[in-house]
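Below is one structure, written out as structure tokens; the observations come after it.
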Amino acid sequence: MDVEVLSRIQFAFTIAFHYIYPPLSIGLGLLLVIFEGMYLATGKKIYEQITRFWIKIFALIFGIGVATGIIMEFEFGTNWATYSKYVGDIFGSALAAEGIFAFALEAGFLGILIFGWNRVSSRVHFFSALMVFLGSMFSAIWIVVANSWQQTPAGYQIVGEGMNARAEITDFWAMVFNPSSVDRLVHVWIGAFLAGAFLVLSVNAWYILKKRHLEVAIPSFKIALLTATIFSLLQLVAGHRSADGVAKNQPAKLAALEGHYDSLSSADMYLVGFVNNNTQRTTGIRIPGGLSFLVHGRFDTPVKGLNAFKPDERPTQVNAVFQVYHLMIAIGMMLIALTLYACIQWKRGKLFNQRWLMIVFVGSVLLPQIANQAGWFAAEMGRQPWVVYGLLRTSDALSKTVTANQVMFSLILFMVVYSLLFVLFIYLLNKKIQHGPAEYGTKEEIDESSKRNNPVIKQEH
């Protein structure tokens, strides 16, 4: 394999591995605010117990996320030097803002969140939880802004020519609010909320199956289920808005996402299928004219297809783009169906006596993660052959001195180190889950919490 392919594989591997953790931090941060807010509002020790447990999980996720994220910034200089020079003014400002306004806020208050129990007031501790959550949200803002600028550049000018060309900011806020940034940010945020909610659902479903820590597991599961239900439905709206933006700003990507080639005909919407790029045919289960309806509001209106673009200005791995995009959508619909069904069973008083449903929720922690990864792969592969859409090709963004052997060696090294980190993460996470929430408060307070929850537990088990 050549340097370009290896460098793309290396960056895809490192960013995909890193992206396991930030969504969990953001989503779990939201639930920490809810849990501690419930404790502050009700004074019930059970919510303090829940909060303390998930703060430990959050700290573990945050630490691994930081460790795995540093590598990517070095790769910009080692493998993608031309790209770094080209977008340095844009990326530099966004990453600096992320460090100053987001990471510092999150990391600073994390210390109070972890070690501040019994050292600061409950209101100050809740404020620290809120600041940690907002810090993770701000971090997502600047990362998505930088990436969205690559998708839909705005607020810039090109200075220099050829290898000396680089983009400079002419309007900072136009760069920040580029045509795709807001829709993509909302889409990413909601995906993160779902990742955190389903982690909480998975762990507490396991406790319920094992009949352990039920006084904690039942209320935690219910709060996480409400959160997951709300945001799985909102994701449907956010995803549609993001797709509308792609149709307007990146028509070649939309055509690849849907496997659409013929610009003169209405575009079908495929539920599942296979794209043959050689014959330019897509086969599968489809809704005739469905894509045309979503884009134009009419089933018979043509949509610009891949054959309207030069072969060297459109994605080559069309089937791969098509598959990961449809995988993301399929999982999104599964999350909606699962959460709505669980809410119906909750209303009927049958939620916790369906063992098969709890087993499904234990495994459901993987679904938002897979959907988040598939969404990013669809976005990045669908942008090819551009690293900055319409301005800089991926093949031109490489470092000129790095060799294939060097990239291969570093790729193998990263795989080994990241595998060890992942094993460590799973080991520590499992250890904390196996230990379970510790009890805080007097015996009378704990007994009172158990009495309040046990009647529900007995009825539904």
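The values are calculated or read from the model by the stated rules, or taken from the named source; none is laboratory data. Please read all numbers here as calculations on a predicted model, not as lab measurements. Please note: Cβ atoms are built from the backbone with ideal geometry, for glycine as well, and neighbour counts cover all protein chains shown.
Annotation note: of Ala238, Ala252, the sole residue that is of a type in the set (Gly, Ala, Ser) and over 22 Å from the mean Cα position of the chain (by Cα) is Ala252. Candidates Ser122, Ser84, Ser93, Ser139: the one that is touching an Asp or Glu at 6+ places or on another chain (Cβ under 9 Å) and under 26 Å from Val188 (Cβ atoms) is Ser139.
So, restricting to helices (runs of 4 or more DSSP H) that lie completely within the stretch 1-85, which ones have at least 3 residues that are within 24 Å of Lys222 (Cα to Cα)? Break it down stepwise before answering.
Working: elements: 3-18, 21-42, 45-78.
It comes to 21-42, 45-78.
Considering the stretch 319-331, the residues that are surrounded by fewer than 22 Cβ atoms within 10 Å (Cβ to Cβ), within 19 Å of the chain's Cα centre (by Cα) and not hydrophobic (A, V, I, L, M, F, W, C) include one that is nearest to Val275 (Cα to Cα), namely Gln323. In the stretch 117-146, how many are touching a residue at least 40 places away in the same chain (Cβ under 8 Å), part of a helix (DSSP H, G or I) and not small (Gly, Ala, Ser)? Residues meeting the conditions: 13.
For (1) under 19 Å from Ala12 (Cα atoms); (2) at pLDDT 90 or above; (3) touching a Lys or Arg at 6+ places or on another chain (Cβ under 9 Å); (4) surrounded by 18 or more Cβ atoms within 10 Å (Cβ to Cβ), each residue gets a yes or a no:
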{"site": "Met72", "(1), (2), (3), (4)": "yes, no, no, no"}
{"site": "Gly77", "(1), (2), (3), (4)": "yes, no, no, no"}
{"site": "Ala81", "(1), (2), (3), (4)": "yes, no, yes, no"}
{"site": "Ser84", "(1), (2), (3), (4)": "yes, no, no, yes"}
{"site": "Ser93", "(1), (2), (3), (4)": "no, no, no, no"}
{"site": "Ala97", "(1), (2), (3), (4)": "no, no, no, yes"}
{"site": "Arg123", "(1), (2), (3), (4)": "no, yes, no, no"}
{"site": "Phe126", "(1), (2), (3), (4)": "no, yes, no, yes"}
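Checked against (1) out of contact with any Ser or Thr (no Cβ under 8 Å at 6 or more places or on another chain); (2) farther than 24 Å from Met38 by Cα; (3) modelled with pLDDT of 90 or more, Pro179 meets all criteria but (1).
Can you find, within the stretch 35-51, the residue that is nearest to Leu130 (Cα to Cα) among those that are surrounded by fewer than 19 Cβ atoms within 10 Å (Cβ to Cβ) and touching a residue at least 24 places away in the same chain (Cβ under 8 Å)?
The first filter runs over the stretch 35-51 and keeps only residues surrounded by fewer than 19 Cβ atoms within 10 Å (Cβ to Cβ), leaving 37-38, 40-45.
The next check asks that each one be touching a residue at least 24 places away in the same chain (Cβ under 8 Å); those that pass are 37-38, 40, 44-45.
On the way: Gly37: 9, Met38: 13, Leu40: 13, Lys44: 19, Lys45: 19 Å.
Selected residue: Gly37.
Could you tell me whether Phe133 is under 25 Å from the mean Cα position of the chain (by Cα), modelled with pLDDT of 90 or more, among the hydrophobic types (A, V, I, L, M, F, W, C) and surrounded by fewer than 19 Cβ atoms within 10 Å (Cβ to Cβ)? It would help to see each step written out before you state the result.
Working: under 25 Å from the mean Cα position of the chain (by Cα): yes; modelled with pLDDT of 90 or more: yes; among the hydrophobic types (A, V, I, L, M, F, W, C): yes; surrounded by fewer than 19 Cβ atoms within 10 Å (Cβ to Cβ): no.
Answer is no for this residue.
Might you let me know whether the stretch 299-307 holds any residue that is surrounded by 14 or more Cβ atoms within 10 Å (Cβ to Cβ) and either of a type in the set (Gly, Ala, Ser) or under 30 Å from Pro437 (Cβ atoms) (or both)? Scanning the stretch 299-307, I find at least one residue that is surrounded by 14 or more Cβ atoms within 10 Å (Cβ to Cβ) and either of a type in the set (Gly, Ala, Ser) or under 30 Å from Pro437 (Cβ atoms) (or both), so the answer is yes.
Looking only at the stretch 214-231, decide whether some residue is under 30 Å from Phe299 (Cα atoms) and buried (at least 20 other Cβ atoms within 10 Å of the Cβ). Yes; the residues of the stretch 214-231 include at least one that is under 30 Å from Phe299 (Cα atoms) and buried (at least 20 other Cβ atoms within 10 Å of the Cβ).
Contact annotation: residue pairs with Cβ atoms under 8 Å, 6 or more positions apart or on different chains, pairing a residue in the stretch 284-311 that is under 14 Å from Leu257 (Cβ atoms) and in contact (Cβ under 8 Å) with a residue 40 or more places away in the chain with a partner that is hydroxyl-bearing (Ser, Thr, Tyr) and crowded, with 17+ Cβ neighbours inside 10 Å, are Val303/Ser266; Val303/Ser292; Gly305/Tyr261; Leu306/Tyr261.
Arg184: touching a helix residue (DSSP H, G or I) at 6+ places or on another chain (Cβ under 9 Å), part of a loop (DSSP other than H, G, I, E, B) and either in contact (Cβ under 8 Å) with a residue 40 or more places away in the chain or more than 18 Å from Arg355 (Cα to Cα) (or both), yes or no? No, not satisfied. Among the numbered conditions (1) under 15 Å from Pro179 (Cα atoms); (2) more than 28 Å from the chain's Cα centre (by Cα); (3) not β-branched (Val, Ile, Thr), the only one that Ala267 does not meet is (1).
Against the test of being modelled with pLDDT of 90 or more and either in contact with a strand residue (DSSP E or B) (Cβ under 8 Å, 6 or more places away or on another chain) or under 17 Å from Ala371 (Cα atoms) (or both), the options Leu31, Leu6, Leu24 yield a single qualifying residue, Leu24.
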